[in-house]
Amino acid sequence: MTTIESLLQRNKATEHVPLPYISELSTLGAPPIRTLIVPVLVTCADPRVCPEKWFNLNPGEVIIHRNVGGNVQHAFRDISVLDALFTIDEIAIIHHTDCGTTHFKEEQVREYVKTHTDEAHSSEVDKMVFGANADIEKSVKEDLAWVRTHPMIREQLKGGCQGFVFDIKTGELKKVGAA
């Protein structure tokens, strides 16, 4: 079983190559940070989902945002901040087969949270959306539609948004069109 303590031990045993601070990038010949064009991958927090492996990525190639279900709405705040720092011109929304969000109902999670939360917060818990999902492809289409219709997302970024379903058995990425 992996624990935080076992991860700390692995960290001590791993050779680290120092990375430059943002303030040092320009002295290393890198372009100004605002001119860097970086795609964002929004995907699930499921530990089986590892785009670094699927795409054979190197550090710094893409920004990966993970959350339960790979929901783009939950990533919106972070994408906005990143878009202000870098130039984001592409977003890949990647959900996957056998996602945990297909194995629970909203009410199940809501009741669980309520049993572990002070009763004074019950009405707040009732308003929360936990992301239960019955159809992975449909959820990608809904995320694409959300991005393409959101008034606070730049038009260029809307046009650079694509959706995919990753098959955890075959490794195939299936492109999904808008709803």
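The values are calculated or read from the model by the stated rules, or taken from the named source; none is laboratory data. Just so it is clear, the model here is predicted, and its values are computed rather than measured. Please note: Cβ atoms are built from the backbone with ideal geometry, for glycine as well, and neighbour counts cover all protein chains shown.
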Options E172, E90; residue that is under 21 Å from K53 (Cα atoms) and either without any contact (Cβ under 8 Å) to a residue 12 or more places away in the chain or of a type in the set (S, T, N, Q) (or both):
E172
Restricting attention to segment 87-109, which residues are under 13 Å from V40 (Cα atoms) and either of a type in the set (K, R) or surrounded by 17 or more Cβ atoms within 10 Å (Cβ to Cβ) (or both)?
I88, I91, A92, I93, I94
I136 versus (1) modelled with pLDDT under 95; (2) more than 24 Å from D83 (Cα to Cα); (3) surrounded by 14 or more Cβ atoms within 10 Å (Cβ to Cβ): which is the lone unmet condition?
(1)
Looking at the structure I just gave you, is V62 surrounded by 15 or more Cβ atoms within 10 Å (Cβ to Cβ) and touching a residue at least 40 places away in the same chain (Cβ under 8 Å)?
no
